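Notes to accompany the following structure.
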């Protein structure tokens, strides 16, 4: 149920971004919303596990269609200071979704509305999605690549298969004990993606223009985004494991503990534009190091508390970590997509979103190995996982230095 969504999302992002460039970003955004909304209704009504898994795949495909269009529409509809503010609003929204989604899910499951239990976490998407679809024609501008060439079908097949071959074994490998097929898939992914890269250099109308990677802001920024994403999903996972299995909190109690993380995120992300105007790329480095500090506080606190100390003592570490997340996530998309040709905006956004999804899958797989390898007790395993995340955040701060300074080619 988890892998079905993640694999479909990761496999479809680059192709969906190119579809937006060719056939209209608003059109693809609306189509993605529609697919995601219908699939959410099917998830909520699913009578069997098989139907739920199929509907989750549908959700992933819908999300893949709409996600790259958001960044592309922002990148083409705004310029200058207004673009920076729009990207900041996007970063704030994404962070709120990631943090407060945990709390909203816990509230819905605990409320058990009409006896629907877990189904409400899917059904809530239906009225939200329907309202968003109704507002799209009025609020979202249309844009596309002029004289659009045809879709590169060979490139689509290669990149989709390559991404599936990466994400699926990473999502399922830990649970199944890393059998031989997971390593064969990862080896096949290297060959498929290498073939994709070679094909893009030769294609008359490539799915991803190789010239995008000649922009240092895009190439270095994509790597920074991948590394940062490795820390985000894995942190949410090990925090939830620590709270729900180690400290035996229910879904609502665990969701409430995520609230200080959101408060720290809100406090920093709303100031990120002004800080980015003064510090440039260094605001991301500052955010990554602040996250590392927050994780360090959490590791020390969890170790000191053991399995029975007052859980409220982890709140300061969560606030600091959330503040760091806001300083990274809010300004990073603008830094990465700065200078991208508007005609390739959605394709570039698809590459960036794919890097983030792949980073999330890789991070979860790697931190899973560390967490469960150290599982003599949940506080110790949580602290060991956090030490790996601290190292990744320090690496992010170092790699940010490869991003160009303002007005640097």
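Numbers for the structure displayed
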quantity	calculated
Residue check, residue 177 under 21 Å from residue 3 (Cα atoms) and in contact with a helix residue (DSSP H, G or I) (Cβ under 9 Å, 6 or more places away or on another chain)	no
Elements of type helices (runs of 4 or more DSSP H) contained in the range 323-401, each with 1 or more residues being closer than 28 Å to residue 160 by Cα and at pLDDT below 85	332-337, 345-373
Where residue 74 falls short, out of the listed (1) buried (at least 20 other Cβ atoms within 10 Å of the Cβ); (2) modelled with pLDDT of 90 or more; (3) over 17 Å from the mean Cα position of the chain (by Cα)	(2)
Given (1) surrounded by fewer than 21 Cβ atoms within 10 Å (Cβ to Cβ); (2) modelled with pLDDT of 85 or more, index of the condition residue 252 fails	(2)
Evaluation of residue 150 against (1) at pLDDT below 90; (2) closer than 30 Å to residue 78 by Cα; (3) assigned by TED's automatic domain parsing to the domain that holds residue 37 (one fails), failing number	(3)
Residue match in the range 175-197 (condition: part of a helix (DSSP H, G or I), under 20 Å from residue 348 (Cβ atoms), in contact (Cβ under 8 Å) with a residue 24 or more places away in the chain and not assigned by TED's automatic domain parsing to the domain that holds residue 49)	yes
The range 198-225 - residue that is without any contact (Cβ under 8 Å) to a residue 60 or more places away in the chain and outside any helix (DSSP H, G or I) and, of those, nearest to residue 150 (Cα to Cα)	205
Of residues in the range 1-32 being surrounded by fewer than 23 Cβ atoms within 10 Å (Cβ to Cβ) and over 17 Å from the mean Cα position of the chain (by Cα), the one nearest to residue 131 (Cα to Cα)	30
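Results for (1) touching a helix residue (DSSP H, G or I) at 6+ places or on another chain (Cβ under 9 Å); (2) outside the structural domain of residue 13 (by TED's automatic domain parsing), shown as yes or no for each residue.
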position	(1), (2)
84	yes, no
105	yes, no
121	yes, no
131	no, no
138	no, no
164	yes, yes
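Conditions tested, residue by residue: (1) without any contact (Cβ under 8 Å) to a residue 12 or more places away in the chain; (2) buried (at least 20 other Cβ atoms within 10 Å of the Cβ); (3) within 22 Å of residue 28 (Cβ to Cβ).
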residue	(1), (2), (3)
341	no, no, yes
347	no, yes, yes
350	no, yes, yes
367	no, yes, no
371	no, yes, no
382	no, yes, no
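The values are calculated or read from the model by the stated rules, or taken from the named source; none is laboratory data. Keep in mind that this is a model prediction, so the values were computed, not measured. Counting neighbours? That spans all protein chains shown, and the Cβs are built from the backbone with ideal geometry, glycine included.
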